[in-house]
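Down below is the structure, laid out as structure tokens.
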Amino acid sequence: MEQMSSTRLASGHEVVHMSEEWLARMGQDQTLYNNGMVRLLPDGWLYPTLFTEYAERIYNFKFRSSDVVVMTMPKSGTTWMQEVVWTMLHNPDLNHPLAGEPIYHRSPEIDLDMILDGKGLEGVSIDHFIKAFHEVCPGRKIEDGMAFQMCELMPDPRVMKSHLPFALLTPHILEQTKVIYVARSPKDVVVSYYYFFRVMKLFTYTGTFESFVKHFMNNDLIYTPYWPHVKQAWQRRDHPNMYFVFYEEMKSDIMTQLRRLNDFLGLNLTQKQLDNVAHQSSFNSMKERGEPIKDMEAFIPDKHKKFGGYFRKGIVGDWKNHFTPELEQEMNQWIEKHASEIGITFK
Ligand code: PPS
């Protein structure tokens, strides 16, 4: 049973603390958080309890018209889009001195602080992250939230990442700023998420792929549920400050997307500059430059070597190598039900 608590967030969501029974069950095949986890009703978002300490500040965060927020469900192409947008805004001639810095230094994640409560991170050095924080936020305190304060103090134009859905950010976000939403087929998302859960010390997932898919469909993994997240973006796709794109569209023709983004961001980049962006953000080039986090202790070394980290395969359709026919059928039914309710068709 989940235990109700009286807390209500600024977004209107009710905070439900996950029960000891749930934590014990889920903790059998993954590492959880020191202060447990919460579910936010009515949507059902699942986060470490630490999220509740940041929720109000995040909800009231003041975006600027020059900002760009890259919003996604995890493993949907976030890092790729962050690199695309940061390069378009800051490095189209490939001469920016910070281009080699990890992505969290150039494009911070507004909700990242909540995961620092992970039991799997105990003893893991995050020195590079702390150094980046002090560079961007001199004089600020770590305990006030490193990623959040980096978002506040980044120089304009800011490129920020969010795995939070629209419902947990200010309802005025699209009046204040531009949002780019990347959606990816849930079957490829779950495969990518599974490997990420296996290679990161934060999660240290030891269960089977099948149980992982079930956890995903039951909304029992951090950042789920998948469907309301996509739905809230899909409903806003025609807003002039909203750019909705599928990972699969980026894969099939990146230059078309770069040209559209050039217009959306009002940049007037030349074809040569767009070619630079395409090169800098290509899978091979990003993988060659290394993981987008510099704190390599965050990975389990032998698993990282075997499966890769943030840059694993970068292809469409890897799910075909992972699903049994029965599991595929089950997930297809789940997808058909929800996708038809939302009116979305994956590419
Ligand atoms: S995270 O942790 O949620 O921010 O992860 P995210 O960046 O959203 O997703 C990681 C997956 O995106 C793939 N990726 C890319 N694909 C194509 N081109 C480029 N440049 C690129 N960069 C990252 C990455 O390989 C992960 O997908 P999988 O399927 O696991 O390979």
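The values are calculated or read from the model by the stated rules, or taken from the named source; none is laboratory data. The model shown is predicted, which means the values in this text are computed figures rather than measured ones. Cβ placement follows ideal geometry from the backbone for every residue including glycine, while neighbour counts extend to all protein chains displayed.
Structure data summary
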quantity	calculated
The one condition in (1) under 22 Å from residue 90 (Cβ atoms); (2) in a loop (DSSP other than H, G, I, E, B) that residue 255 fails to fulfil	(2)
Test: residue 143 is within 25 Å of residue 36 (Cβ to Cβ) and surrounded by fewer than 16 Cβ atoms within 10 Å (Cβ to Cβ)	yes
Failed condition for residue 202, given (1) over 14 Å from residue 109 (Cα atoms); (2) out of contact with any strand residue (DSSP E or B) (no Cβ under 6 Å at 6 or more places or on another chain); (3) in a loop (DSSP other than H, G, I, E, B)	(2)
Output for region 153-168, where each listed residue is in contact (Cβ under 8 Å) with a residue 12 or more places away in the chain, out of contact with any helix residue (DSSP H, G or I) (no Cβ under 8 Å at 6 or more places or on another chain) and more than 16 Å from the ligand (Cβ to nearest atom)	156
Filter result (of a type in the set (A, V, I, L, M, F, W, C) and surrounded by fewer than 23 Cβ atoms within 10 Å (Cβ to Cβ)) within region 86-128	89, 94, 98, 99, 103, 112, 115, 116, 121, 124, 126
Candidates 290, 343 - the one that is small (Gly, Ala, Ser), surrounded by fewer than 18 Cβ atoms within 10 Å (Cβ to Cβ) and over 20 Å from the mean Cα position of the chain (by Cα)	343
Filter pass, residue 230 being at negative phi, under 14 Å from the mean Cα position of the chain (by Cα) and in a strand (DSSP E or B)	no
Sole residue being closer than 22 Å to residue 201 by Cβ, among the basic types (Lys, Arg) and touching a helix residue (DSSP H, G or I) at 6+ places or on another chain (Cβ under 8 Å), chosen from 119, 75	75
Test: residue in region 59-75 that is modelled with pLDDT under 95, within 16 Å of the ligand (Cβ to nearest atom) and buried (at least 21 other Cβ atoms within 10 Å of the Cβ)	no
Any hit, region 239-252, residues being charged (D, E, K, R), away from the ligand (no atom under 11 Å from the Cβ) and surrounded by fewer than 14 Cβ atoms within 10 Å (Cβ to Cβ)	no
Region 25-50 residues that are part of a strand (DSSP E or B), paired with ones that are among the charged types (D, E, K, R) and surrounded by fewer than 18 Cβ atoms within 10 Å (Cβ to Cβ) (beta carbon under 6 Å, 6 or more apart)	41/14
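Yes/no per residue for (1) part of a helix (DSSP H, G or I); (2) modelled with pLDDT under 95; (3) over 23 Å from residue 181 (Cα atoms); (4) within 16 Å of the ligand (Cβ to nearest atom):
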site	(1), (2), (3), (4)
266	no, no, no, no
272	yes, no, yes, no
288	yes, yes, yes, yes
304	yes, yes, yes, yes
310	no, yes, no, yes
316	no, no, no, yes
328	yes, no, yes, no
334	yes, no, no, no
337	yes, no, no, no
